[in-house]
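Written out below as structure tokens is the structure these notes cover.
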């Protein structure tokens, strides 16, 4: 019996969450007295996974899987789990894996716990701690099924080196045409920037920026910090920024180390989607903005004065320490 993870990737490279998941899986496997197997899709070099605890890699190479398809990928993971006799299957909580996890659980007749934050509290009975109520509370979930599927909350465990054996085996699961019932005509991609999914820092702007012509300072601040740019729902609805940058409960949830909100009042749906971020900084000229109630640091003032000064200070700091 082994523990199986889906090591998520994009454009032939592992996402950072794959290494966090591998790190987490290694510790869970040690508690269960088993090993870690990873299934990968269309990755040529899988050796890096061994650094974070993966003992075996099932390497899938198939042109049909060049674009993400939840049903097809879930079928691949199911077949990998059955091949390895895996009783615990781990996925991340990215947009793709949120779709995948319940499909995998149904296919394996497994219990499923999403938004897991931390190592299992007990392995007999099997209990995990999870985020609940839009990250405002925790609950303890017990899974009694023979096979268990867990979705690890992003940035909740960390990335740790803990070497595994790292053997590699080519795996050719049966993929039928019925796995591709939904056709994706196009995928909106952001190139040349840090993606929200992989970012440790996110700089987000709201209607307080007054218009798309003022977004330059958000992008410059993000560039200085090595951060991703994001926006609130009204901004994307107005067409100031692409919907791919919309973060919040109704957009992309983020759980970064640092989240900087500029000119965002803090609607409850937005806060719910970013509340798992470790440090939240708010810049707003309205001292009564709801965001200040959940912020770790807040600056009351004009963003058009504060942000340029912040950029200059950060540039000076980087120059001094380069």
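The values are calculated or read from the model by the stated rules, or taken from the named source; none is laboratory data. Just so we're clear, the structure is a prediction, and the values are computed from it rather than from any experiment. In this analysis, Cβ positions are derived from the backbone assuming ideal geometry, glycine residues included, and neighbour counts consider all displayed protein chains.
Among the residues of the stretch 68-101, the ones that are over 18 Å from residue 18 (Cα atoms) and either surrounded by fewer than 19 Cβ atoms within 10 Å (Cβ to Cβ) or within 13 Å of the chain's Cα centre (by Cα) (or both) come to 4 in all. Of all the criteria given as (1) more than 20 Å from residue 42 (Cβ to Cβ); (2) in contact with a strand residue (DSSP E or B) (Cβ under 7 Å, 6 or more places away or on another chain); (3) touching a residue at least 60 places away in the same chain (Cβ under 8 Å), the one not satisfied by residue 123 is (2).
Taken as a whole, the structure leaves residue 176 outside the set of residues that are in contact with a helix residue (DSSP H, G or I) (Cβ under 9 Å, 6 or more places away or on another chain) and surrounded by 15 or more Cβ atoms within 10 Å (Cβ to Cβ).
Of the residues making up the stretch 11-48, those that are part of a helix (DSSP H, G or I), farther than 30 Å from residue 125 by Cβ and in contact (Cβ under 8 Å) with a residue 40 or more places away in the chain are 16, 47.
Here is a yes/no grid of residues against (1) in contact with a strand residue (DSSP E or B) (Cβ under 7 Å, 6 or more places away or on another chain); (2) in a loop (DSSP other than H, G, I, E, B); (3) under 22 Å from residue 198 (Cα atoms):
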residue: 75; (1), (2), (3): no, no, no
residue: 79; (1), (2), (3): no, no, no
residue: 82; (1), (2), (3): no, no, no
residue: 90; (1), (2), (3): yes, no, yes
residue: 96; (1), (2), (3): no, no, yes
residue: 99; (1), (2), (3): no, no, yes
residue: 102; (1), (2), (3): yes, no, no
residue: 129; (1), (2), (3): yes, no, no
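Taking the conditions exactly as written (part of a strand (DSSP E or B) and assigned by TED's automatic domain parsing to the domain that holds residue 72), does residue 142 satisfy them or not?
Against the criterion (part of a strand (DSSP E or B) and assigned by TED's automatic domain parsing to the domain that holds residue 72), residue 142 qualifies.
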